[in-house]
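Accompanying notes for the structure given below.
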2 protein chains.
Amino acid sequence: MSTELKVNSYFNDSVKSIALENQEGVSTVGVMSVGEYEFGTNQREYMTVVSGALTVKLPGETSWQTVTKGETFIVEANLSFSLKVTQTTAYFCRYE
Amino acid sequence: MSTELKVNSYFNDSVKSIALENQEGVSTVGVMSVGEYEFGTNQREYMTVVSGALTVKLPGETSWQTVTKGETFIVEANLSFSLKVTQTTAYFCRYE
């Protein structure tokens, strides 16, 4: 019997994700609705855009950069980052 | 207010997905637990492996092929295909 797939929901259901663990490691795949969000990390995170785009202000940065389909940004553990989402976006987040 | 993110569940919760619509079109992102599944299509589907691997028998084929991270297979509308999943796998499915 495979393990139960856990669905997480954040920011008043504006962000939802499904957790998984496989040969690549521990990760989530999810969707963000249009909006602005602040996330905090407990581990290093590799955030990849699967569809759409994420405009991110990385820790310690003052400028925003837009990450598009297939691109990845990395945030070290115990830091926070800000996101602006202007179209519904699917993402993949791998934890390390 | 952004639209509510819809979570779908199939095969006794072994497959879960989140629906989205954006500039790329209508799609879902989801996770499949280890197992064997048969899917039917209503529209053409572009199935991309985000993490893990999918072993697929495409419509009309007798052999199986394994599709890995970043690879896509296509199934035309109104057909069915079989999948063997040997590690928990995240996928992105775009409908056309």
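The values are calculated or read from the model by the stated rules, or taken from the named source; none is laboratory data. Since the structure is predicted, the reported quantities are computational estimates derived from the model, not experimental observations. Virtual Cβ from ideal backbone geometry, glycine too; neighbours counted across all protein chains shown. Heads up: the accessible areas ignore ligands, DNA and RNA and are worked out on the full protein's heavy atoms, side chains in. Shrake-Rupley method; radii C 1.70, N 1.55, O 1.52, S 1.80 Å.
The figure for B:TYR37 is an accessible area of roughly 20 square angstrom, using a 1.4 Å probe on the protein chains alone.
Leaving out ligands, DNA and RNA, and with a 1.4 Å probe, what % of the accessible surface on the protein assembly as shown is carbon or sulfur? Carbon with sulfur: 47 percent of the solvent-accessible area. Here the spin labels are modelled as points 7 Å beyond Cα on the Cα-Cβ line, and at A:ASN78 and A:GLU61 they lie 2.3 nm apart.
With label points defined 7 Å past Cα in the direction of Cβ, position A:GLU21 shows copy-to-copy spacings of 3.7 nm, given to one decimal and shortest first. The charge dipole of region B:6-95, taken about its Cα centre with unit charges on the Cβ atoms of Lys, Arg (+1), Asp and Glu (-1) only, comes to about 140 debye. Each residue of region B:38-45 was assigned a 3J(HN,Hα) from its phi angle through the Karplus curve 6.51 cos²θ - 1.76 cosθ + 1.60 (θ = phi - 60°); the sequence is 10, 10, x, 9, 9, 10, 5, 10 Hz, with glycine and proline shown as x. Here B:LEU79 yields copy-to-copy label distances, from shortest upward, of 4.6 nm, the label point defined as 7 Å from Cα along Cα to C-beta.
Solvent exposure of chain B amounts to 49 Å² per residue of accessible area, where only protein heavy atoms count and the probe is 1.4 Å.
Annotation for A:PRO59, label-to-label distances across the other copies: 4.9 nm (shortest first, one decimal, point 7 Å from Cα along Cα→Cβ).
Within the listed set B:GLY30, B:GLY52, B:GLY60, the Gaussian network model of chain B (springs between alpha-carbon atoms below 10 Å) gives the highest mean-square fluctuation for B:GLY60. Summed over both chains, the contact between B and A buries some 2400 Å² of accessible surface at a probe radius of 1.4 Å.
Excluding same-chain neighbours fewer than eight residues apart, the lysines reachable from B:LYS69 by a Cα-Cα span under 17 Å are A:LYS69, B:LYS84.
When only alpha carbons are used to place a centre, region B:46-95 and region A:1-62 end up 23 Å from one another.
Look at the stretch B:9-22: the mean tally of other chain Cβ atoms within 10 Å of its residues' Cβ atoms is 5. Counting, for every residue in B:57-63, the Cβ atoms of other protein chains within 10 Å of its Cβ and taking the mean gives 0.
About the centre of its Cα atoms, the protein assembly as shown shows a dipole size close to 40 debye [charges on the beta carbon of Lys, Arg (+1) and Asp, Glu (-1) only; nearest 20 debye].
Hey, got a sec? Which GluC sites (Glu not before Pro) in region B:1-45 land in a DSSP loop and have at most 11 other Cβ atoms within 10 Å? Loop-located and lightly packed - B:GLU4.
Using Cα positions and a limit of under 16 Å, work out the aspartates and glutamates in reach of A:LYS6, with same-chain residues fewer than 8 apart set aside. Here the aspartates and glutamates satisfying the reach criterion relative to A:LYS6 are A:GLU21, B:ASP13.
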